[in-house]
Structure formats: C-alpha cells, structure tokens
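> The structure is given below, and queries will be raised subsequently.
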Amino acid sequence: MDVCALEVPFTEEEVFDVLLGCSGDKALGPDGFSMTFWQFAWNFVKVDVMSFSREFYEHDKFVKSLNATFMVLIPKKAGAEDLGDFRPISLLGSLYKWLAKVLANRLKRVVGKVVSKAQGAFVEEKAYDNVDWSFLLTVMQKMGFGEKWIGWIKWCISTASFSVLVNGTSTGFFQSSKGLRQGDPLSPYLFVIAMEVFSSFLKRAVDGASQDHMTYLSWLFMWFEVVSGLRINLEKSELIPVGRVENIDDLALDFGYKVGSLPSTYLGLPLGAPFKSVTVWDGVEECFHRSSIRRRLEQIQRDFLWGVSKMGVGVLKEALWNQVIRGKYGEDRGGWCSREVREAHGVGLWKGIRMDRKLVGAMILFIVGNGWMVRFWRDRWCGDSPLCVSFPSLFALSVDKEEWVADIWDSLAEGGWGGWNPCFSRAFNDWEVEEAERFLEWLHGKRVLGDVDDMVSWIETKSGKFSVKSLNFALEAGCPSLFPSSCIWNVCVQPKISFFVWEATWDKP
C-alpha cells in the first residue's frame, strides 16, 4: 500500500476536481452553504479554501465548529411513534463534506489493497452507528496506514457534534462517543476497513473447514461485537438452509436467528425463486416503470459486462463476475471464453449467451502480445481469416493444430531478433514449397512481444471497441430487409388495403 500517496499536501487541482463532482442540490448543513455556492464562488474563495486545507495538513486539525451536523428524523412509515420508526439523516457542513470527499477519494485508491473481495457488499450505505473509534484506528494502524493519516481520520470522526432538528429548528448540539455518520463521504470506506477484521475471521473459519470452527462461530460474533461495537441485527437475520441440513434448529438456537426458507427476498430481489416465473418479478418491476430508470439500468448492465475502458469484447479477468463464470464453468481457448455448459439443470442464461459465440467470433480480431492466449492456426490474428483457412494444406501437415502463437515463436532466432519456427510432420514436396514461401511471407513483420498481453479488437468499429450499435448494424447488413410492418399497418390506411399489401409482401395468391 502506498502510504505516502495518502499524506501528500492537498493540491488546488485535487480540491477543485472534488468540488466539481459534488451535487449542488443537497440539503443545507449547519453552515448554510450549498455546494453550488462554492462552485459558483470558487475564484473568490479558493485562496481561503486552500489556506484551510494547508492548515489541516500541517496541524492535523480544523475548527471543531466546522464538523457540526444537523440530524433530521424521517419517519419510515405512517403514524411513526417509537424512535425506531424514524430514520436519522445527517446534514453535514459543506466545507467539512468537501474535505472529507478529498480524503475519501484518496482512501478509495488504496482500500482495495487492504480489503478482501468478499467485502464488496459492504461499500454502500450500511449501519455505521456503533463502530468503536479506537478499534477502527487500531485496525488502520495494523494495516499500515501512516500516523499522519490516522490523525486526520481521528480528528474527522471524533470532533463531530450533532443537533436534532425539531420542526426545522435546532435544539442544541451534543458530542458523540462512537459511530460513523451517514452522509459522511469517509464513512463507507472506514466501515469497510472495520469489517475487514470480521471478514478475515470468517475466511479463517471457512478455510479451516472443521466442525469446531463452525460450532464456535457464535463466539466469533460475540467477541467481534465486544471489540468493534458492531453486532448483528437478530430481528432482520435468519438462517436459510440450502438442501437438507440436519442440525438447522440447533444452529438457529446457538446463533439466536430465525429459520427461513427459499424462496426469499434479499436486498429487494427474489432469492432462490424460479427466475422464469413472471409473478416472482412483479414487485421488482413495479419499481422501474419510468423509461429513464430502465435506460439507466441497461447502462449499468452494459458497464458491468463491458466497461468503457475495456478493449473490444475482452473484459478484465479480475472482475468478480468473470471469476464466478470461470470458477463455475472453467476456461477455454486460453481464457477468452468459458467451457461448454453441459449441466442438464440450472440457470440457462449463460447457455444462451454462449450460443452467440460463433456469431461474435466472426467479428473479432486478435492482437498478439505475448502470444499465450492466441492459437496460431485457428484464431484470426494474421490476415482476414485464420491461418488454417488461408493455408489448409500446411495446416493438415502441422504437428500440433492447437498450438499457441508463443509456441511457434523462437525469440533466439535471427541473431536474437526472433523468428517463426512452425513444426510440420514431414518435409515439403516440390509443389508445396511455393505455398510454404507464401506462408512465411504472410508471417513476415509479425512479432511476439513478451511483456504485452494479448488483446481482442472489434472489427466493426474504427476504435476496436465493442458497441451494441455496431453489432446491430452488422446483423442487419447480413440479413434480408426487415418486414415493413409500420408502413403496412398504418392507421391512415384502410384495413382492406393494408391487408392486400400484407399478402402481396408475403407473395400470397
């Protein structure tokens, strides 16, 4: 982890970029300034703002009044009476939120290096109220965070003061002794760091895979609550057995949970229900009737699979969804795709996606780097077609028809310049020499770069990056003209004429 990068002085560019990324229409905090004001008045206030940033950097503190927070209680349901029926919303001062956002952006760059991938579910909007400060700071120290950075975090979380708004009026301020604030840009990342201890304990218990570890899991919960202040909400928790679990009642008694069953609902989505059932998704569908929301969901799905920065149809192997697919079905063709789905039962979604593999494969070109993920004969990387198609007679003579490009490349040939060294089952006949010469000319100028990964390029776009629009155009170009239904079944045309044109279009007598 690059600790030094966290503790460098704040730059004007860094502070201004954070300001531009802030929404300007949020509710006002105790200072009465919105982020829109700071954006509008940046040229006038930047000297004072940077002076404030330098003071915090040098002295590890700022005026405590800047960390004041208004707390608004929003009822969760109609007729709310108990305190638990209200959701507390924190309204932070704009200047502190600005500074916290700068710190959060720095922390965001390194938190992935100290937090396991199983923690991805903890990043957004969790209950931070009970996090013990000393526990959090000790964990950060053990993870290797610097003394200065820990001092900044300690000041930000320990100097917070709260005032509950009653009918829009402040009722005086009080200090907190633990917990992180909802709405503080730092809170999600600090909570993830605190929960990493529990995640590590769980991983250790699972890796041990012994009955004793699972039996004393309740002790793990208890001691983690003691040291961190965090505890599981028993009212919202239940044990859901998958398959036949003999001692489910005993486990529920040990942990103090209810026993649930599938299908259930998790984070608002059906869990363990038949995915093809229309009624299962009725509750989810009701939330997304607006077309703008549907378009946003489609964009999220596209970004999840492709991402703007990914080249072509290749996606990063580090992506969690990629690891799930590779772990379940295995890899084929050097990792560019999964193995064939052979299960008779289960979700058929990935089967359907793989059915279009050949169609997409005709529109991609491999760009050779180190050559360990591109097949020499069968992949299209040298010319408009694979070498097995361009040189079928030589392909028939090849010793290994599944060789990788790296296997054919000899880096020591040509005095260290490198050259191609394909192996054939016999010497060429006289009439095959010309074909072999053309084959070597075809390979001339192609090289293997040992320190560069192989890539995939989408040939239907100039940039080489995949787009749904380009795929749609390519499919339309290879198909006959679409049926002109919108022209035929027109409200301005008499039905009998539309019917006649419809029959004529289909060449019906």
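The values are calculated or read from the model by the stated rules, or taken from the named source; none is laboratory data. Just so you know, these numbers come straight off a predicted model, no measurement behind them. Counting neighbours? That spans all protein chains shown, and the Cβs are built from the backbone with ideal geometry, glycine included.
> Regarding Phe52, is this residue assigned to a helix (DSSP H, G or I) and either loosely packed, with under 12 Cβ neighbours inside 10 Å or assigned by TED's automatic domain parsing to the domain that holds Glu7 (or both)? Even if it seems obvious, please write down each step before you answer.
Numbers: assigned to a helix (DSSP H, G or I): yes; either loosely packed, with under 12 Cβ neighbours inside 10 Å or assigned by TED's automatic domain parsing to the domain that holds Glu7 (or both): yes.
So Phe52 fits the description; yes.
> Further question on the same structure: Could you please find all residues in the stretch 378-401 being in contact with a Ser or Thr (Cβ under 7 Å, 6 or more places away or on another chain) and in a loop (DSSP other than H, G, I, E, B)? Walk me through it before giving the result.
To start, the set of residues in the stretch 378-401 that are in contact with a Ser or Thr (Cβ under 7 Å, 6 or more places away or on another chain) comprises 383, 397, 399.
Of everything in the stretch 378-401, those that are in contact with a Ser or Thr (Cβ under 7 Å, 6 or more places away or on another chain) and in a loop (DSSP other than H, G, I, E, B) turn out to be Gly383, Val399.
> Next question, about the same structure. Is it the case, given these coordinates, that Leu73 is closer than 23 Å to Ser161 by Cβ, surrounded by fewer than 17 Cβ atoms within 10 Å (Cβ to Cβ) and of a type in the set (A, V, I, L, M)? Step through it out loud before you land on a result.
On the way: closer than 23 Å to Ser161 by Cβ: yes; surrounded by fewer than 17 Cβ atoms within 10 Å (Cβ to Cβ): yes; of a type in the set (A, V, I, L, M): yes.
In short, yes.
> Just need a number here: residues in the stretch 162-210 that are more than 34 Å from the chain's Cα centre (by Cα) and either at pLDDT below 80 or not in a loop (DSSP other than H, G, I, E, B) (or both).
Qualifying residue count, the stretch 162-210: 12.
> I'd like to check something: does the stretch 55-66 contain any residue that is at pLDDT 85 or above, surrounded by fewer than 14 Cβ atoms within 10 Å (Cβ to Cβ) and under 28 Å from Val114 (Cα atoms)?
Checked against the condition, which is being at pLDDT 85 or above, surrounded by fewer than 14 Cβ atoms within 10 Å (Cβ to Cβ) and under 28 Å from Val114 (Cα atoms), the stretch 55-66 yields at least one hit.
> Identify all residues within the stretch 1-23 that are exposed (fewer than 13 other Cβ atoms within 10 Å of the Cβ), under 25 Å from Ser65 (Cβ atoms) and under 28 Å from the mean Cα position of the chain (by Cα); write none if there are none.
Residue satisfying the conditions is Ser23 alone.
> Here's another thing I want to ask about it. Go through the stretch 214-261 and give me each residue that's touching a helix residue (DSSP H, G or I) at 6+ places or on another chain (Cβ under 8 Å), in a helix (DSSP H, G or I) and within 22 Å of Ser134 (Cα to Cα).
Of everything in the stretch 214-261, those that are touching a helix residue (DSSP H, G or I) at 6+ places or on another chain (Cβ under 8 Å), in a helix (DSSP H, G or I) and within 22 Å of Ser134 (Cα to Cα) turn out to be Leu220, Phe221, Phe224, Val227, Ser228.
> Ok, one more. Which ones in the stretch 401-460 are over 25 Å from Gly361 (Cα atoms) and aromatic (Phe, Trp, Tyr)?
Residues satisfying the conditions are Trp417, Trp420, Phe424, Phe428, Trp431.
> A further question follows. Check off (1) touching a strand residue (DSSP E or B) at 6+ places or on another chain (Cβ under 9 Å); (2) within 19 Å of Val360 (Cα to Cα); (3) assigned to a helix (DSSP H, G or I); (4) among the aliphatic types (A, V, I, L, M) for Leu475 and give me the number that stays unchecked.
(1)
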